[in-house]
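Reviewing the structure listed below.
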Amino acid sequence: MNHFNLHLTKKIFVSLSVCLMACFALSSCKHNEPEPEFPSKKRKTIIVYMAGENSLAPYTAPDIQEMQDAAGDIPKDCNFIVYIDDHKYPQIIVMSEKNSEHTETLEERDSCDPDEFYNTLKDLTSRYPADSYGLVCWSHASGWVSKPKKTFGIDNNKNSYSSDAGTRLEIPDMRKQLERLNIRWDYILFDACFMQCIEVAYEMRNVTDHIIASPAEIPGEGAPYNLIMKGLCMDGQKAAEEIAKAYFDYHNQLFLNQHVQFTNGVVLSVIKTSELENLLQATKDILPDFYTQAYTFDTSNIQAYGPRTKIEEFTEYFDMGSAMNKFMGGPEYEKWSEQVRRTFISRSYTSQWGSAFYDVYPAITDENHLTVCSIFIPNHKYDYAGHNESIKETQWYQDYTRTQN
């Protein structure tokens with residue numbers, strides 16, 4: 001090999017070495033970069049599930065704006081994720097103290113299909129892991145009431161806000177999908193009508209620590225997300241209490257300040273789900289034959305959150321405390337009330353609230369005995385709608401009527 005070839009060989013060797021080192025360095029840098037699609041585990045992940053492909057679609061944008069306005073209240077150790085399906089394609093919006101930092105548009109889907117509900121929550125909790133989780137369920141709802149009405153959410157499958165005909169997520173299916181996730185939510189806030197009924201709460205007792213909801217209709221604008229953001233990002237019972245307080249205080253102030261007071265207002269409570277089985281047993285100890293005797297009970301003068309005056313398929317949504325006071329009375333009711341106080345950690349209500357379903361604005365009529373949670377009382381007048389049979393599908397009914405060995 002001559003000198004020129006040797007020199008050329010050395011240059012090639014050095015060049016290859018430099019290239020290999022550079023490639024190794026670049027590879028190492030890339031390897032050390034955080035993977036954005038797999039963020040590190042945080043203290044809390046909050047998911048807002050907005051099933052808005054229905055007549056509520058016009059309310060989605062204002063609520064998203066409220067969340068964005070309060071993005072500065074999202075701590076750095078929290079993930080705040082919004083899944084929204086309205087009259088456009090579904091989207092995932094990731095918010096932080098920097099406001100909306102990422103938006104992902106998804107393919108069209110039925111957000112009230114049980115499997116889609118599960119898959120969406122599974123995907124989001126996997127991508128944004130945390131030590132604890134909070135869930136907001138935003139949509140139309142009707143509590144436990146008879147097929148096909150005992151539901152959360154409506155997806156009209158038309159990308160339209162002019163129709164409320166479509167898929168509804170039945171409560172037992174919703175519970176089963178939440179159980180599949182194997183996550184115990186810190187709280188579930190139902191920003192939807194009629195969801196604080198004992199039958200729904202009992203169904204959800206094993207998937208969440210707290211339920212924040214109303215036994216009645218809620219105002220169309222729902223929760224003031226700019227005011228409840230701090231509470232949503234808290235942990236434990238404190239989170240549930242702060243969310244409920246900010247939610248109620250906002251609507252109570254509107255109610256007190258308006259000239260025609262009965263066009264707004266809200267009733268809201270927080271249930272500690274670990275006490276629900278004790279509440280069932282306390283009720284059953286005093287009224288063991290409730291579901292066989294209920295057909296004969298006089299339900300007049302019991303607080304109702306839905307007077308049956310316009311939409312016949314709905315029940316009255318009787319307040320549980322008001323009903324039990326009438327059926328038990330005296331010392332037995334006082335003993336039962338001790339368990340109520342352990343179960344309901346927050347109860348708030350304005351004297352009246354607006355209604356889209358009833359000819360008159362419902363009002364508080366039995367303030368001294370309210371749980372601010374409804375219970376179904378069987379009656380032959382519900383036979384035509386199937387309510388008296390559908391109640392038997394609930395876990396509350398099944399455990400209540402189960403004969404102890």
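Given the Cα-Cα distance of LYS230 and ARG341 and 0.36 nm per residue of separation, how much length would full extension add, in nm? It would help to have the intermediate numbers written out before the result.
Details: separation 111, 0.36 × 111 = 39.96 nm, distance 2.57 nm.
That pair, LYS230 and ARG341, stretches by 37.4 nm at full extension.
Which FRET efficiency, nearest 0.05, do LYS42 and GLN293 yield, Cβ-Cβ r, R0 45 Å?
Numbers: r = 51 Å, r/R0 = 1.13.
Efficiency at R0 = 45 Å is approximately 0.30.
Work out from phi, with θ = phi - 60° and the Karplus expression 6.51 cos²θ - 1.76 cosθ + 1.60, the ³J(HN,Hα) of each residue of the stretch 108-123, listed in order in whole Hz, and give x for Gly and Pro.
4, 7, 9, 6, 9, 6, x, 5, 5, 4, 5, 4, 5, 5, 4, 4
Please list, in chain and number order, the residues 5+ apart from VAL48 or on another chain whose amide H is under 5 Å from its amide H, with Hs placed from the backbone.
Under 5 Å from the amide H of VAL48: ILE81, VAL82, TYR83, VAL136.
Give me the Kirkwood hydrodynamic radius of the stretch 120-211, using the inverse of the mean 1/r over all pairs of distinct Cα atoms, in Å to one decimal.
On the way: mean 1/r = 0.0720 Å⁻¹.
That comes to 13.9 Å for the stretch 120-211.
If you take the alpha carbon radius of gyration of the stretch 80-125 and divide it by 2.2 N^0.38 Å, what ratio comes out, to two decimals?
On the way: Rg = 11.1 Å, N = 46, 2.2 N^0.38 = 9.4 Å.
The value comes to 1.17.
Which three semi-axes in whole Å describe the equivalent ellipsoid of the stretch 45-94, each the square root of 5 times a Cα gyration tensor eigenvalue, listed largest first? Before the final figure, lay out each step's value.
On the way: eigenvalues 91, 27, 10 Å².
Calculated on Cα positions only, the semi-axes equal 21, 12, 7 Å.
Round to the nearest 0.05 the FRET efficiency obtained for GLU334 and ASP164 when R0 = 35 Å and r is the Cβ-Cβ distance. Please report the intermediate quantities before stating the final value.
Numbers: r = 43 Å, r/R0 = 1.23.
FRET efficiency, GLU334 to ASP164: 0.20.
Tell me, what HN-Hα J-couplings in whole Hz come from the Karplus equation 6.51 cos²θ - 1.76 cosθ + 1.60 at θ = phi - 60° for each residue of the stretch 63-72, using x for Gly and Pro?
These are the phi-based 3J(HN,Hα) values: 5, 4, 4, 4, 5, 5, 4, 9, 4, x Hz.
Could you go through the stretch 153-165 in sequence order and give the Karplus-derived ³J(HN,Hα) for each residue, using 6.51 cos²θ - 1.76 cosθ + 1.60 with θ = phi - 60°, rounded to whole Hz, and x for Gly and Pro?
With the stated coefficients, the stretch 153-165 comes to x, 9, 10, 7, 6, 10, 6, 10, 10, 9, 9, 10, 9 Hz.
Tell me, in nm to one decimal, what length is gained between ALA356 and LYS381 on full extension, where the rule is 0.36 nm per residue of separation less the Cα-Cα distance?
On the way: separation 25, 0.36 × 25 = 9.00 nm, distance 2.23 nm.
Difference between extended and current length: 6.8 nm.
Mind putting together the pair-distance distribution for the stretch 191-288? All Cα pairs, 5 Å bins, whole percent per bin, short to long.
That works out to 2, 12, 20, 21, 18, 11, 8, 5, 2, 0, in percent per bin.
Quick query: amide H of ILE154 versus all other amide H atoms, modeled in the peptide plane; which residues come in under 5 Å with a sequence gap of 5 or more or a different chain?
The list, which skips near neighbours in sequence, is HIS140.
When the accessible area of the stretch 267-405 is split by element with a 1.4 Å probe, what percent falls to carbon and sulfur? Don't jump to the answer; show the numbers that get you there.
Numbers: 2750 of 6210 Å².
The C+S portion of the solvent-accessible surface of the stretch 267-405 is 44 percent.
When the convex hull of the C-alpha atoms of the stretch 50-139 is computed, what volume per residue in Å³ does it have? Before the final figure, lay out each step's value.
Details: hull volume 8.4 nm³, N = 90.
Convex hull volume per residue, Cα atoms: 94 Å³.
The values are calculated or read from the model by the stated rules, or taken from the named source; none is laboratory data. These numbers come from a predicted model, not from an experiment. Note that we place each Cβ from the backbone using ideal geometry, even for glycine, and neighbour counts take in every protein chain shown. Heads up: the accessible areas ignore ligands, DNA and RNA and are worked out on the full protein's heavy atoms, side chains in. Shrake-Rupley method; radii C 1.70, N 1.55, O 1.52, S 1.80 Å.
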